[in-house]
1. Cα-based Rg (one decimal) and Dmax (whole number) for the chain, in Å?
2. I'd like the distance between the alpha-carbon centres of segment 77-153 and segment 287-336, rounded to an integer number of Å.
3. Loop only by DSSP, 14 or fewer other Cβ within 10 Å of the Cβ. Give me the trypsin sites (Lys or Arg not before Pro) in segment 136-193 that pass, ordered by residue number.
4. Please say if segment 124-233 is rounded, prolate or oblate, where rounded means a/c under 1.5 for a ≥ b ≥ c the square roots of the C-alpha gyration tensor eigenvalues, and otherwise the choice is prolate for a/b larger than b/c and oblate otherwise?
5. Work out which helices of the chain, taken as complete DSSP H runs, extend at least 18 Å along their axis over the Cα atoms and score a mean Kyte-Doolittle of -1.0 or more, then list them.
6. Please list, or write none, the lysines whose alpha carbon is within less than 19 Å of the alpha carbon of LYS205, excluding same-chain residues fewer than 8 places away.
7. For the chain, calculate the relative contact order in percent as a whole number, restricting contacts to Cα pairs under 8 Å that are 6 or more residues apart.
8. For the pair ARG260 and SER23, what calculated FRET efficiency results from E = 1/(1 + (r/R0)^6), where r is the Cβ-Cβ distance and R0 = 30 Å, to the nearest 0.05?
Amino acid sequence: MTDGDPRAGVDAVVTHATRLAESALAGADQADFRTRWKAFTARGVWDEAPSDEAPSDEAPSDRPPGAARLGPVTRSVATIEGIGRAGTDAGLCYAMASQRFGIQFPLRSVLGDTETTESGDVLLCHALTEEGGGSDPLSMATRAERQEDGGYLLTGTKSFVTAAPVADTALVFARTAAERTPFALSAFLVDLSAPDIEQSAPFPKTALTEVPMGSLTFHGVRLAPGSMVGEEGSGLGLLTLTTAWERALLLSYALGPMRRVLDRTVEWCATREHFGRRMGASHVVAARVADMALALHRSRELVYRMAARLDAGERPRQLAADAALTKISVAEDYLMFSRQAAQLGGVRSFIEDSGLTADLTSPMAASVYAGPNDLLRITVARELGLPVEN
Ligand SMILES: Cc1cc2nc3c(=O)[nH]c(=O)nc-3n(C[C@H](O)[C@H](O)[C@H](O)COP(=O)(O)OP(=O)(O)OC[C@H]3O[C@@H](n4cnc5c(N)ncnc54)[C@H](O)[C@@H]3O)c2cc1C
């Protein structure tokens with residue numbers, strides 16, 4: 001690997017983000033989600049991603065020259081991977097990847113560089129799903145009615161929204177026309193400290209337990225004319241953009257945690273003794289470990305490939321089919337990977353604080369959010385020419 005090799009740059013950013021995240025975690029390990037988020041942004045972990053500058057506490061010569069030549073999307077993926085490698089819980093990794101890739105990068109193309117699209121100080125959430133409609137956005141009931149001053153009156157409830165109980169601002173999708181047409185939806189940036197908004201208590205969920213999920217209820221909230229993102233009726237178009245980004249890159253959050261699980265599983269298999277030999281001497285055990293390495297390798301290659309294509313200027317909407325394939329593939333590899341780890345950990349996989357505790361629920365959830373894998377398969381097949389609809 002040479003200095004000009006992009007992999008050297010990726011490794012440098014991963015290592016740097018790991019160091020920053022370790023130091024942020026040292027002060028806030030047991031703190032609640034929002035405090036840990038703030039500790040990460042205060043420590044500069046967030047700023048690492050988009051900046052072309054070397055961080056102030058590190059001499060530029062500490063980094064291979066390749067780091068500066070990485071595009072912002074690749075740097076962000078490497079930062080998220082580094083945060084995960086530091087041992088940051090999967091929930092915080094997920095929330096950071098979700099804000100960066102599912103909200104900020106897509107909004108940049110509409111709003112340009114603003115605090116909302118750049119900073120980690122504003123905690124954002126993506127409010128689309130409702131009790132009555134997850135996979136089918138056009139079934140949503142939340143509505144925004146246009147007012148005489150050009151503003152809107154927002155009414156309805158968004159549910160199952162990551163970070164909703166603690167977020168500062170929500171990207172809210174609402175119906176601005178009654179009919180079921182592609183132009184029925186619009187998107188708004190809503191300051192959640194405004195009156196007549198209820199942020200629920202965290203739902204007691206079983207996946208990604210470290211990040212709270214909840215609902216947002218809007219009791220006739222007055223939105224200023226400037227709150228709309230894009231034009232009235234462009235909500236489904238924006239959603240196509242945010243979901244393309246999410247499908248391409250959200251699962252970058254799993255790369256760091258997967259690496260840590262692989263490392264600890266190798267160590268366990270290499271040292272655990274039974275049948276008069278070390279466990280890793282079994283070909284079946286070795287093959288399971290190799291399958292884990294394969295799943296991580298494939299996932300990493302796919303995610304960084306998507307990042308490189310976005311950095312090269314490919315349009316997210318044109319990448320939508322490949323983004324769907326990437327999302328399905330990484331989600332399913334993550335689950336297979338976690339099953340292998342759980343098998344090899346034996347009983348310790350099911351004991352808290354054993355050092356080998358397995359989480360199968362969070363990887364399974366990856367097959368549901370950002371478009372259920374079954375529905376994405378339909379999209380892929382349709383793109384290939386099959387006459388199949390949702
Ligand atoms: C961890 C996590 C975080 C989330 N974060 C957010 C968030 O931040 N913001 C947000 O808005 N939402 C969020 N969600 C919600 C998520 O977007 C929805 O769960 C998703 O859109 C699916 O909707 P649903 O759960 O209502 O499933 P449903 O629409 O009820 O579908 C259930 C299942 O049925 C199958 N299915 C349904 N219709 C079809 C069909 N036509 N063809 C084939 N199969 C079908 C699929 O397997 C699907 O998984 C999150 C979910 C999870 C698990």
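The values are calculated or read from the model by the stated rules, or taken from the named source; none is laboratory data. Remember, predicted model here, so these are calculated numbers, not experimental data. Positions of Cβ are backbone-derived with ideal geometry, glycine not excepted, and every protein chain shown enters the neighbour counts. Side chains are part of the model used for accessible areas, which takes the heavy atoms of the whole protein and leaves out ligands, DNA and RNA. Shrake-Rupley method; radii C 1.70, N 1.55, O 1.52, S 1.80 Å.
1. 21.5, 81
2. Value for the Cα centre distance between the two parts: 21 Å.
3. Numbers: sites: ARG143, ARG146, LYS158, ARG175, ARG180; in loops: ARG180.
Sites meeting the loop and neighbour criteria: ARG180.
4. Details: a/c = 2.19, a/b = 1.43, b/c = 1.53.
It is oblate, given that a/c is not under 1.5 and a/b is not larger than b/c.
5. Working: long enough: 6-28 (33 Å, 0.39); 72-85 (19 Å, 0.15); 235-249 (21 Å, 0.72); 255-271 (24 Å, -0.15); 283-311 (41 Å, 0.24); 320-345 (37 Å, 0.29).
Helix filter hits for the chain: 6-28, 72-85, 235-249, 255-271, 283-311, 320-345.
6. The reachable lysines, counting only those whose Cα sits under 19 Å from LYS205, are LYS158.
7. On the way: 711 pairs, mean separation 57.5, N = 390.
Taking the mean separation of contacting Cα pairs over the length of the chain, I get 15 percent.
8. Numbers: r = 17 Å, r/R0 = 0.58.
The computed FRET efficiency comes out at 0.95.
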